[in-house]
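A short worksheet on the structure shown next.
Nothing in this text is a laboratory measurement; each read-out follows from the coordinates by a stated rule. The structure presented is a predicted model; accordingly, all values stated were derived computationally and were not measured. Quick reminder, even Gly has a Cβ in these numbers, built from the backbone with ideal geometry, and neighbours come from all protein chains shown.
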Amino acid sequence: MKNIVFIAPPAAGKGTQSHLLKKKYNLAHISTGDLLRKASLEESERGDYIRNCLSQGRLVSDEITLELLTERLNESDCENGYILDGFPRNVKQAIAYESWLNQTQKDLGYVIFLDIPKELAQKRIVGRETCPNCGAVFNDQIEVSKPKQDGICDICEHQLVKRKDDNDETFNQRYDTYMEQTEPLINHYRSLGILHTINEIDKEKAFQQIEKIIHE
Ligand code: AMP
């Protein structure tokens, strides 16, 4: 199975689609946000720095992000293919990643751009709840996305968590960061002729479109 890279604004569904793909195709799901949230718990200068970036909605340095990512990519579950959720976030990261792929003789795979309007992204952020155990995503403000039991994962019954950076203020900063730094990646991948765009906001329909791309 080829690797998959998601490019998208915050709350466009990268986590949800990654979770569905992981379940169906047994791909490793690598969220740089999750790697960084874990590293932010360290009692160290690096932990403090990452915590600050996350709470302000700013990108963590390319150096730290790449170090954590390449360490994760060397784990054995990535050999069968993996999904990158949240990386690359700027053109410099994309170029560093391409050089890592060349060195390790791996393939970039599919680049999928999930395009959703800012207003919908903001609405999704406010009620978002994630399962830290299996990665499933719910929303207690959107009727069709509510968990069956408040605060509990439908799939593995683990307690759901709300992210500290899922609030209006940090969302605006994260969205601006996306427009300034991540959006230029769309042209980068478009010019390489490998960009697939999904405009569908319904999660099942978006998943069907992704499956069509990977089966073509
Ligand atoms: P996410 O879970 O993808 O929404 O990311 C949450 C936060 O983690 C972002 O707002 C950034 O502060 C940080 N982050 C995630 N991925 C990256 C990356 N590739 N480069 C730098 N910072 C990142």
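Structure above, values below:
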read-out	value
For segment 197-204, Karplus couplings with θ = phi - 60° (6.51, -1.76, 1.60), whole Hz, Gly/Pro x	10, 10, 9, 6, 9, 6, 5, 5
Label-point separation, residue 201 to residue 44 (7 Å along Cα→Cβ), nm	4.2 nm
Taking the C-alpha atoms of segment 1-120, convex hull volume expressed per residue in Å³	111 Å³
Sites residue 144 and residue 99, calculated FRET efficiency, Cβ-Cβ separation with R0 30 Å, nearest 0.05	0.10
Three-way shape call for the chain based on the alpha-carbon gyration tensor, with the a/c threshold at 1.5	rounded
Low-density loop positions, trypsin sites (Lys or Arg not before Pro), segment 132-191 - DSSP coil, at most 10 other Cβ in 10 Å	148
Amide hydrogen neighbours beyond the local backbone of residue 82, cut-off 5 Å, H modeled	3, 4, 28
Shape call, segment 125-216: gyration tensor on alpha carbons, a/c limit 1.5	oblate
Fewest-first sequence of 161, 60 by Cβ atoms within 10 Å of each Cβ	161, 60
Projected label distance in nm at residue 67 and residue 155, using a 7 Å step from Cα toward the beta-carbon	3.1 nm
